[in-house]
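J.: Here it is, the structure, as structure tokens.
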Amino acid sequence: PPYFREEENETIHINSSASGNLQIPANVRIQATRNGWMTRESLQMCVEQVVGEMDHRRLLVLDSYRAHQTPQIRQALNERHVDVVFVPPGCTGLAQPVDVGIAKPFKDRVRGQWVQLMRQPRPLTAAGNLTQPTRQDVITWVSQAWEGVPEETIRTCFLRCAISNAMDGSEDDQALEWFPNEMDGILLQEAAAEEQDEYDESFNDDEEETDGFGFF
């Protein structure tokens, strides 16, 4: 994608002075990059810390993001008995379970906890503004929000994306109604969007960079 530049988006290793006082729940892993984009290195850490080792083969569905498709990542996943498939660009809303129905309830729960904090009396900063949530607050919100997403919701999303459905066809009716009948139209829309992106990119190449991350 045009937003990826590895050398300017390296993963930041959080030192112990910044994380030593934080209480990290078992269902949370912490990483950071300078501008928030996934990098090869951060994905490698995710594979090591989250995917882990198992004897049986597993299937991992990833977005078609450049950092996801490097030989190093493919090898790391294969060594852990993980087969990987990539969702075509523009189709995450059709075939990526997280986008189809997991991300929204998760984000809604995080936002609900933020709203609850904002409603409570809190001290002001020297400039008279409300104090920001702490890192510990955010970590706790993420942990509790993920625990609050029902397992049934996750299973249903995999069925709706036609990923985990029974091979005998008995669960095909649980896939999204328009999958894959409307795929051709969606891919045509995506192709038109990609043409516009290419035009925008060629135009921006002539412009002076105005930020420190060098998106192009």
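The values are calculated or read from the model by the stated rules, or taken from the named source; none is laboratory data. In this text the structure is predicted, and so the values were computed from the model without any measurement. FYI the Cβ positions are ideal-geometry reconstructions off the backbone, even for glycines, and counts take in every protein chain you see. We work out accessible area using only protein heavy atoms, side chains counted, and drop any ligands, DNA or RNA first. Shrake-Rupley method; radii C 1.70, N 1.55, O 1.52, S 1.80 Å.
J.: For region 22-51, which residues satisfy the criterion of being in contact with a Ser or Thr (Cβ under 6 Å, 6 or more places away or on another chain) and without any contact (Cβ under 8 Å) to a residue 40 or more places away in the chain?
T.: Listed by number, the residues that qualify are Gln31, Thr33, Thr39, Arg40, Glu41, Ser42.
J.: May I ask you to verify whether Pro71 is open to solvent by 20 Å² or more (accessible area, probe 1.4 Å) and either touching a Gly at 6+ places or on another chain (Cβ under 7 Å) or in contact (Cβ under 8 Å) with a residue 60 or more places away in the chain (or both)?
T.: Taking the combined requirement at face value, the residue does not satisfy it.
J.: Of everything in region 11-28, what is at pLDDT below 80, open to solvent by less than 60 Å² (accessible area, probe 1.4 Å) and more than 16 Å from the chain's Cα centre (by Cα)? Give them in sequence order.
T.: Passing the criteria: Ala18, Ser19, Gly20.
J.: Say we look at region 161-171 and pick out the residues that are farther than 20 Å from Ile102 by Cα and either assigned to a helix (DSSP H, G or I) or among the small types (Gly, Ala, Ser) (or both); which of these is most open to solvent (accessible area, probe 1.4 Å)?
T.: Ser170
J.: Looking only at region 112-122, count how many residues are open to solvent by less than 90 Å² (accessible area, probe 1.4 Å) and closer than 30 Å to Thr156 by Cβ.
T.: 3
J.: Give Gln49, Gln31 a once-over and let me know the one that is over 20 Å from Pro97 (Cα atoms) and surrounded by 14 or more Cβ atoms within 10 Å (Cβ to Cβ).
T.: Step by step, each of Gln49, Gln31 is checked, and only Gln31 is over 20 Å from Pro97 (Cα atoms) and surrounded by 14 or more Cβ atoms within 10 Å (Cβ to Cβ).
J.: May I pose another question? Condition (residue is in contact with a Lys or Arg (Cβ under 7 Å, 6 or more places away or on another chain), at pLDDT below 90 and more than 24 Å from Thr33 (Cα to Cα)) applied to region 165-174: is it met by at least one residue?
T.: The answer is yes; a qualifying residue exists.
J.: In region 132-160, what residues are over 17 Å from the mean Cα position of the chain (by Cα), over 17 Å from Asp99 (Cβ atoms) and polar (S, T, N, Q)?
T.: Gln132, Thr134, Gln136, Thr140, Gln144
Yes/no per residue for (1) open to solvent by 30 Å² or more (accessible area, probe 1.4 Å); (2) touching a His at 6+ places or on another chain (Cβ under 8 Å):
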| site | (1), (2) |
| --- | --- |
| Met38 | yes, yes |
| Leu59 | yes, no |
| Gln75 | yes, no |
| Gly90 | yes, no |
| Ala95 | no, no |
| Val110 | yes, no |
| Leu124 | yes, no |
| Thr140 | yes, no |
| Gln144 | yes, no |
